[in-house]
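Encoded as structure tokens, the structure appears first; notes follow it.
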Amino acid sequence: MAPAAALALSLLLAFLAIGPCAAADSIDLWPMPQSVSHGTQKLYVKKDITMSMVGSTYSDEKSILKDAFQRMLDLITLNHVVDGIDPGSSVLTCVNVVVRTPEDELSFGADESYNLTVPTTGDPLYAQIQAQTVFGALQALQTFGQLCYFDFTSRLIELNSAPWIITDRPRFPYRGLLIG
């Protein structure tokens, strides 16, 4: 084998060996939030996790958040049967959503910022979403859904790298479509 080919092959093998190690600590959220902080603990998500709105001024009369929460759960489970053995501890039982304004009409310049906190301690253990508007809460639910995944071995919904503290808002005041 030529020296250049041997060098290319050894570099390729090195990248293949190192690549998964480098990607193991990556944060795979889209779009990437403005600020992300996470830990190393694994949590389990209760199969019948609930959403509460304690402290919220938004009443959800149109079921916007309730429907979004159900869509998020459907995406996480993808119709898999969540029937693993209950781990007993470190189980996330609820997502509490606090929306500070009662309006649910989308307008230009609507505040879509949010704070999402997933702690590792508490009894009961619950995630906290705080948003100025229902649209920020919808973005936060989308992000929360990306943190959870169905594990085929344990047959449970898991959430890795807890605790999570995520703060986000749109970078631009408008949404666009780029076609290349």
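The values are calculated or read from the model by the stated rules, or taken from the named source; none is laboratory data. What you see is a predicted model, and the numbers here were worked out from it, not measured in a lab. Using ideal geometry, Cβ is built from the backbone for each residue, glycine included, and neighbour counts are taken over all protein chains shown.
Taking Val81 and the conditions (1) out of contact with any Phe, Trp or Tyr (no Cβ under 7 Å at 6 or more places or on another chain); (2) free of Cβ contacts under 8 Å to residues at least 40 places away in the same chain; (3) within 30 Å of Arg155 (Cβ to Cβ), which numbered condition does it fall short on, given that it satisfies the others?
Only one criterion in (1) out of contact with any Phe, Trp or Tyr (no Cβ under 7 Å at 6 or more places or on another chain); (2) free of Cβ contacts under 8 Å to residues at least 40 places away in the same chain; (3) within 30 Å of Arg155 (Cβ to Cβ) is unmet by Val81, namely (2).
For the range 30-56, name all the residues that are modelled with pLDDT of 95 or more and part of a loop (DSSP other than H, G, I, E, B).
Pro33, Gln34, Met53, Val54, Gly55, Ser56
Considering every residue within the range 125-145, establish whether at least one is touching a His at 6+ places or on another chain (Cβ under 9 Å) and within 21 Å of Ile76 (Cα to Cα).
no
Quick check on my filter: what residues within the range 42-85 are small (Gly, Ala, Ser), more than 19 Å from the chain's Cα centre (by Cα) and surrounded by fewer than 16 Cβ atoms within 10 Å (Cβ to Cβ)? Show your work before the answer.
Step one: list which residues in the range 42-85 are small (Gly, Ala, Ser), which gives 52, 55-56, 59, 63, 68, 84.
So of that shortlist, the ones also more than 19 Å from the chain's Cα centre (by Cα) come out as 55-56, 59, 63, 84.
Answer for the range 42-85, where residues must be small (Gly, Ala, Ser), more than 19 Å from the chain's Cα centre (by Cα) and surrounded by fewer than 16 Cβ atoms within 10 Å (Cβ to Cβ): Gly55, Ser59, Ser63.
Can you tell me which residue in the range 134-180 is modelled with the highest pLDDT, limited to those that are assigned to a loop (DSSP other than H, G, I, E, B) and among the aliphatic types (A, V, I, L, M)?
That would be Ile179.
Considering only the range 113-121, I want to know if a residue exists there that is at pLDDT below 95, of a type in the set (Phe, Trp, Tyr) and either surrounded by fewer than 19 Cβ atoms within 10 Å (Cβ to Cβ) or touching an Asp or Glu at 6+ places or on another chain (Cβ under 9 Å) (or both).
Within the range 113-121, none of the residues are at pLDDT below 95, of a type in the set (Phe, Trp, Tyr) and either surrounded by fewer than 19 Cβ atoms within 10 Å (Cβ to Cβ) or touching an Asp or Glu at 6+ places or on another chain (Cβ under 9 Å) (or both).
In this structure, is Thr93 more than 17 Å from the chain's Cα centre (by Cα) and either part of a strand (DSSP E or B) or at pLDDT 95 or above (or both)?
Working: more than 17 Å from the chain's Cα centre (by Cα): no; either part of a strand (DSSP E or B) or at pLDDT 95 or above (or both): yes.
Considered against the rule, which asks whether it is more than 17 Å from the chain's Cα centre (by Cα) and either part of a strand (DSSP E or B) or at pLDDT 95 or above (or both), Thr93 comes out as no.
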